1. Take every DSSP beta bridge whose two residues both sit in the chain, then give the antiparallel share in percent to the nearest 5.
2. Ordering ILE127, ILE298, ILE255 by how much accessible area each has at a 1.4 Å probe, largest first, what is the list?
3. How high is the relative contact order of the chain, in percent, with contacts defined as C-alpha pairs under 8 Å that are six or more residues apart?
4. For ASP277 and GLU300 in the same chain, what is the full-extension length gain: residue separation times 0.36 nm, less their Cα-Cα distance, in nm?
5. Compute the distance in nm between two label points, each set 7 Å from the Cα along the Cα-to-Cβ direction, one at GLN184 and one at THR261.
6. Just name one of VAL164, PRO138, VAL112: the one whose Cα is farthest towards the positive end of the charge dipole of region 97-172 (beta-carbon charges, Lys/Arg +1, Asp/Glu -1).
7. What do you get for trypsin sites (Lys or Arg not before Pro) in region 30-89 restricted to DSSP loop and a cutoff of at most 13 other Cβ within 10 Å of the site's Cβ?
8. Which one, ARG132, ARG288, ARG105, has the greatest fluctuation when you compute a Gaussian network model over the chain with C-alpha springs under 10 angstrom?
Amino acid sequence: MNRAITVAAAQLGPIGRDEKREAVVDRLVALLHDAHRRGAELVVYPELALTTFFPRWWTEPLAEADHWFETEMPGPATKPLFEEAAALGVGFFLGYAELTPDGHRYNSAVLVERDGSTVATFRKVHIPGHERHEPWRPFQHLERYYFEPGPDGFGVWDAFGGSVGMMICNDRRWPETYRVMGLQGVELILCGYNTPVHYAPDPSQDALQAFHNHLVMQAGAYQNGTWVVASAKGGVEEGVDSLAQSAVIAPSGLIVAQAFTAGDEVVVAECDLDWCDHYKKTLFDFARYRRPEVYGAICEPRGGRESESAGGEPTAAAAAGASGPEAAP
Ligand code: ING
């Protein structure tokens, strides 16, 4: 009997800036029931699933953004979700903004088992966007202002009858993300994302957002023999068109299920975890075929060759050679 787990990507449509957490949790619970009705044992919600994607706005002082963050998980607003899920025997991955008791801010996700116990909390490793107010942008992407990079890297946990890992949004674009978990034997990677279609530093990428989104996850799944379940916050949220395309991707790299709307939608698939060995035990038998002795450059400092920018995305002003506040890194 194969080890299979039925997983749902619970995609969210836009969350308004003034939408109360309680109203959002009602939407999450509705998706939970839909997923359960369709046989799901694990539900994957998007990144920052409790609020609008607030890093699109500059807030100063930073403390005035505290209301976007959770200081406990579950907290009063999220407890109903935890209780309903445990009552149904369904586990979940939930992305949220975390403010720790000692003042650290992370773009986090919690993994909860079917009995309601917390398996682990993951903190986003790769923080995209920029650190300072850049008013030249039609909307901002200030994750590097609001969040610290997760200090723990990528873990893999025994849960749901297999080896489960987590990543958040930009993490999915970096091959190291998948390989670090692949080397730990991951069989199922859970992901949430908020991806604006427009990419201000290089609008030529706008038309390729959907392609790039699936490209990186299909490659990561195949090259590491793992399932990937990724859930979007899609649609036009506070004027920003955000990519939907939530999907379940098999260890072969094939997409086995995909959202067809940009709103609240459940995408369900049965993930046969034993199928991972079709790749882990053949083509990608790491112990037999990898050559870590020649891979050293991968762990060299950041950008490899000296990169011009001091870090963060190049700004349009800097690219145009302007100087002054907009040229800040
Ligand atoms: N969002 C985006 C992502 O990596 C981004 C940032 C948008 C990068 C568009 C490139 C192009 O999907 C988050 N939240 O990381």
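The values are calculated or read from the model by the stated rules, or taken from the named source; none is laboratory data. Nothing here was measured: the structure is a model prediction, and the numbers come from that model. Neighbour counts run over all protein chains shown; Cβ positions are idealised from the backbone, glycine included. These area figures cover heavy atoms from the full protein model, side chains too; ligands, DNA and RNA do not enter into them. Shrake-Rupley method; radii C 1.70, N 1.55, O 1.52, S 1.80 Å.
1. In the chain, approximately 65 percent of DSSP beta bridges are antiparallel ones.
2. Details: ILE127 15, ILE298 110, ILE255 55 Å².
Of ILE127, ILE298, ILE255, the descending order of accessible area is ILE298, ILE255, ILE127.
3. Details: 732 pairs, mean separation 67.7, N = 329.
Computed over the chain, the figure is 21 percent.
4. The ASP277-GLU300 span can extend by a further 5.2 nm.
5. Modelled inter-label distance: 3.5 nm.
6. PRO138
7. ARG38
8. Most flexible of the set in this elastic network: ARG288.
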